[in-house]
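Everything below concerns the one structure shown next.
The values are calculated or read from the model by the stated rules, or taken from the named source; none is laboratory data. Note that this is a predicted model, so its numbers are computed, not measured. Ideal geometry is used to build each Cβ from the backbone, glycine not excepted, and the neighbour counts take in all protein chains shown.
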């Protein structure tokens with residue numbers, strides 16, 4: 001029977017045979033990380049208006065400044081759709097590795113949407129022990145065959161798109177900047193869904209599920225299972241995020257940090273690998289078109305003006321050359 005697991009140890013054999021073991025305690029990479037709950041915001045208060053709505057908006061902005069991450073409940077994405085989304089992605093990841101990697105006609109995903117490992121990795125700590133389907137929203141409606149998956153993805157994307165736009169407008173409003181910037185520039189045609197699976201990892205002390213990074217978008221909305229593994233930097237140290245089955249996780253991306261002139265923080269985060277347990281999540285990336293120019297919404301900007309295309313290209317160049325992303329520091333004036 002053909003295997004469904006990506007052949008990490010075979011494909012990246014050189015990294016395993018040539019690496020110098022990086023010990024957990026030596027680098028503080030996998031020290032015992034304290035588990036924290038992210039700020040929890042009940043979005044139903046937005047519908048009440050008045051002081052309750054104002055308090056809710058203030059909490060969203062405050063969490064974006066102090067944490068760069070928060071979680072929301074009563075977010076408008078039905079629990080039925082979230083459950084179906086997880087069920088459907090589990091089914092597709094159970095397909096054989098050949099079917100996933102070769103875009104078998106039964107799956108009918110866009111070419112290049114299946115990704116696993118880290119092709120640019122030059123050492124073990126740059127290797128991501130994970131697999132994913134990274135799908136532009138415009139391609140979901142073109143997916144045939146696996147109709148229950150494409151229908152569920154489309155329903156999920158529609159709901160989280162609306163949530164992302166609402167949150168972005170609230171964050172802009174809290175900066176005193178009411179505009180239709182996000183409505184005009186972050187269209188379904190420019191946003192992405194990414195279904196992630198983190199397989200059990202026999203060498204979980206030596207590799208990440210996903211190496212430390214920041215997101216290259218405005219906002220990311222994440223639905224995850226209850227396994228845990230997401231960690232982020234808070235006050236200079238790594239903390240583990242305690243899963244909440246009723247909540248979606250929101251994090252600020254690089255573009256919002258630049259647009260807000262460093263008021264809102266794009267925070268480094270990672271996923272640790274589990275030795276025996278697989279983990280699933282679905283991420284929605286709220287992105288503008290490549291031609292969109294990112295500039296501070298206030299005067300005396302920290303960053304020079306840049307297009308999303310320029311930013312993405314710089315990130316790709318750095319990853320190819322250095323093995324990791326530099327991001328916003330490349331664009332400081």
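Which number in (1) surrounded by fewer than 19 Cβ atoms within 10 Å (Cβ to Cβ); (2) at pLDDT 95 or above; (3) part of a strand (DSSP E or B) marks the one condition that residue 212 misses?
Tallying (1) surrounded by fewer than 19 Cβ atoms within 10 Å (Cβ to Cβ); (2) at pLDDT 95 or above; (3) part of a strand (DSSP E or B), residue 212 fails exactly one: (2).
Hey, does the stretch 112-129 have a residue that's touching a helix residue (DSSP H, G or I) at 6+ places or on another chain (Cβ under 9 Å), within 30 Å of residue 261 (Cα to Cα) and part of a strand (DSSP E or B)?
So far as the stretch 112-129 goes, no, none of its residues is touching a helix residue (DSSP H, G or I) at 6+ places or on another chain (Cβ under 9 Å), within 30 Å of residue 261 (Cα to Cα) and part of a strand (DSSP E or B).
Criterion first (within 19 Å of the chain's Cα centre (by Cα), farther than 19 Å from residue 247 by Cα and buried (at least 20 other Cβ atoms within 10 Å of the Cβ)) does residue 182 satisfy it?
Considered against the rule, which asks whether it is within 19 Å of the chain's Cα centre (by Cα), farther than 19 Å from residue 247 by Cα and buried (at least 20 other Cβ atoms within 10 Å of the Cβ), residue 182 comes out as yes.
Name the single residue, out of those in the stretch 275-291 being in contact with a helix residue (DSSP H, G or I) (Cβ under 7 Å, 6 or more places away or on another chain) and buried (at least 20 other Cβ atoms within 10 Å of the Cβ), that is farthest from residue 238 (Cα to Cα).
Within the stretch 275-291, the match that is farthest from residue 238 (Cα to Cα) is 288.
Can you name the residue in the stretch 294-311 that is in a strand (DSSP E or B) and in contact with a helix residue (DSSP H, G or I) (Cβ under 8 Å, 6 or more places away or on another chain) and is also surrounded by the most Cβ atoms within 10 Å (Cβ to Cβ) among such residues?
294
Restricting attention to the stretch 187-209, which residues are outside any strand (DSSP E or B) and touching a helix residue (DSSP H, G or I) at 6+ places or on another chain (Cβ under 7 Å)?
Passing the criteria: 188, 189, 191, 205, 206, 207.
Residues in the stretch 312-321: is at least one over 22 Å from residue 61 (Cβ atoms), at pLDDT below 95 and outside any helix (DSSP H, G or I)?
no
Somewhere in the stretch 265-274, is a residue within 14 Å of the chain's Cα centre (by Cα), within 25 Å of residue 78 (Cβ to Cβ), modelled with pLDDT of 95 or more and surrounded by 17 or more Cβ atoms within 10 Å (Cβ to Cβ)?
No, the stretch 265-274 contains no residue that is within 14 Å of the chain's Cα centre (by Cα), within 25 Å of residue 78 (Cβ to Cβ), modelled with pLDDT of 95 or more and surrounded by 17 or more Cβ atoms within 10 Å (Cβ to Cβ).
Name the residue, out of 73, 81, 41, that is crowded, with 20+ Cβ neighbours inside 10 Å, at pLDDT 95 or above and on the phi < 0 side of the Ramachandran plot.
Criteria check complete, one pass: 41.
Among the residues of the stretch 234-245, is there at least one that is in contact (Cβ under 8 Å) with a residue 40 or more places away in the chain, within 25 Å of residue 277 (Cα to Cα), in a strand (DSSP E or B) and under 13 Å from the mean Cα position of the chain (by Cα)?
So far as the stretch 234-245 goes, no, none of its residues is in contact (Cβ under 8 Å) with a residue 40 or more places away in the chain, within 25 Å of residue 277 (Cα to Cα), in a strand (DSSP E or B) and under 13 Å from the mean Cα position of the chain (by Cα).
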